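Everything on this sheet refers to the single structure shown next.
The numbers here are math on the coordinates, done by the rules we state, and not lab data. Because the structure is predicted, anything quoted here is derived from the model rather than measured. Virtual Cβ from ideal backbone geometry, glycine too; neighbours counted across all protein chains shown.
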Amino acid sequence: MGITFLIAIIGAAIGGYGGYLYRKNTVEEKNKDLVVKAEQIMNDAKNKSKELLYEAKNEAFKLQDEVKKEERKRQTQLNEIEERLLKKEATIDKKEDEVDKLKGEMDSKITSIRQLRDQVEDIYKLQAAQLEKVANMSKEEAKELLIKKVEEDAKEDIVNQITKFEKELHDKAKEKAKWILAEAIVKCAAETTAESTSTIVSLPSDEMKGRIIGREGRNINTFEQITGVDVIVDDTPGSIVISGFDLVRRYIAKVALERLIEDGRIHPARIEETVEKVKEDVNMLIKELGEKAVLETGVTGLHVNLIKILGRLKFRVTHGQNALKHSMEVSFLAAAIASELGADISVCKKAGLLHDIGKSVDHEIAGHHSKIGADIARKFGLPEEVVHAIEAHHGDPEPKSLEAQIVQAANLISNARTGASKDNLDTYIRRLSELETLCNTFEGVKKVFAVQAGNEVRIFVKPDEVDDLGAIKMSHDIARKIEKDFHSPNPVKVHVVRETRAEEFAV
């Protein structure tokens, strides 16, 4: 068994060695193949690098040739430019020589001319001296004598020519002025409806008159006290009359009464509520009327509060015409005249529209409406030329600009139109406004209404400031004040009202 084991070991050793030799041969053969492949790759790389190097050298040579060609081309261009510059320089040098030559010739000619001028002056002086010696007078004396002689000979002709031209200019100016005014009036064909001091309100039936009067006249008394107008209920069928000099009050009273009639509920509380609501609506209407007037006349740049004041002119009367319509008419006329005379149309338009703006507050502020209007315009920052035209539209102060004269002329044209009732209505309204203003000067007065064509004045006092005895005393003091400062053709009844109200809610 030991021998068998030994043989097995020897056999295994021999087999292992044989396997080792086999693997060694196999590895050596593979190494030989790898070496051959590596050498092949190295050879290919060397060949490729040679080819690339050759191509790079060829490309470099090409670039070098192109650069040399470009350099030769630029050198050629530089040579051409240099040649042209040299030619120009030569030309310039030549021209400079010619200029120097001409300059020398000109200097020579100037010297010769100066010499000739000196000779001529010497000859002229010699001749003048000889003439003075012959005429036995100086040059100034001869000149003065000649002018005097010519003036004497031509004096009569000059006067005649001046007179002739003045007459022609005057006739042309007069004719031109007529055409300008005629065209302006034609362009502005305004309405001539006269405003009165009463308003008629239609009734659905005569039964409504009793409801308006109310029990023991409480409805009509309340209505008259709140609105400051007289309500005349007579036998005229289907209508009643509202009388008052103030157009705003009459309008408020008319609208309020129409609303009460339409509603059917007529009692003191309802009357007061309706009148207050109508007053708010009228304030909105005044603003809208001002905006419409500004839009129609094309006037721009007015402050919103100034437009509201302008709208109040709707409820004033001037020469029998609505003051707002009159102001618009003057604006149109002034613009038309300004366009013909070459004046500032914008200034004439604006001043024409605002020339009577003072009338909207002249019952609240003392003074002539032109002065008041100028102060209002100045307050709202209007240009001085507009302010002056407003202030001077009645000639006091004297108009100092063409625009002011145009506005004055336009105002006169509007006031002189057919249908104007001159100063009758204006004087009446001014008189009643002055009466109300006088009563408002007393302390404790709340509201004042002049009614009955100025024969009665109703004064509502503040009950917390004036007691019953004070009200009696106030009526006496106001009556004496009216006698002293207010000249009325008829007696004026002073009616002082002190009213206390108490309210409570039942819940």
So how do 24-31, 400-407, 339-346, 371-378 stack up, highest first, on mean other-Cβ count within 10 Å? 400-407, 371-378, 339-346, 24-31
How big is the gap, in Å, between the Cα center of the stretch 1-33 and the Cα center of the stretch 365-403? 140
Just rank GLU66, GLU391, GLU504, GLU291, fewest to most, by other beta-carbon atoms within 10 angstrom. GLU504, GLU66, GLU291, GLU391
Dimensions (Å) - the stretch 246-373, Cα atoms, principal axes, largest first: 61, 30, 27
Note, ³J(HN,Hα) from phi for the stretch 223-236, Karplus 6.51, -1.76, 1.60, rounded to Hz, x at Gly and Pro: 4, 5, 5, 6, 8, x, 10, 9, 9, 9, 10, 10, 7, 5
May I ask you to work out the translational diffusion coefficient for the stretch 198-422 at 4 °C, viscosity 1.567 mPa s, via Stokes-Einstein with Rh from the Kirkwood sum over Cα pairs, reported in whole µm²/s? 68
Under 5 Å between amide hydrogens, which residues at least 5 positions from ASN322 or on another chain qualify, with H placed 1.01 Å from N in the peptide plane? GLU195
Going by C-beta contacts inside 10 Å, put THR222, THR300 in order with the fewest on the left. THR300, THR222
What is the Rg over Rh value, at two decimals, for the stretch 36-136, using alpha-carbon atoms and the Kirkwood definition of Rh? 1.89
In sequence order, calculated HN-Hα J values of the stretch 381-398 (Karplus, 6.51, -1.76, 1.60; Hz; x Gly/Pro): x, 6, x, 4, 5, 6, 4, 5, 5, 5, 5, 9, 6, 10, x, 9, x, 5
Which three lengths, in whole Å and largest first, does the stretch 428-497 cover when its Cα atoms are put on their principal axes? 34, 18, 18
Counted neighbours (other Cβ, 10 Å), sorted fewest up, put LEU203, LEU285, LEU126 in the order LEU126, LEU285, LEU203
How long are the three semi-axes of the equivalent ellipsoid for the stretch 11-62, computed from the Cα gyration tensor as the root of 5 times each eigenvalue, in whole Å, largest first? 50, 4, 4
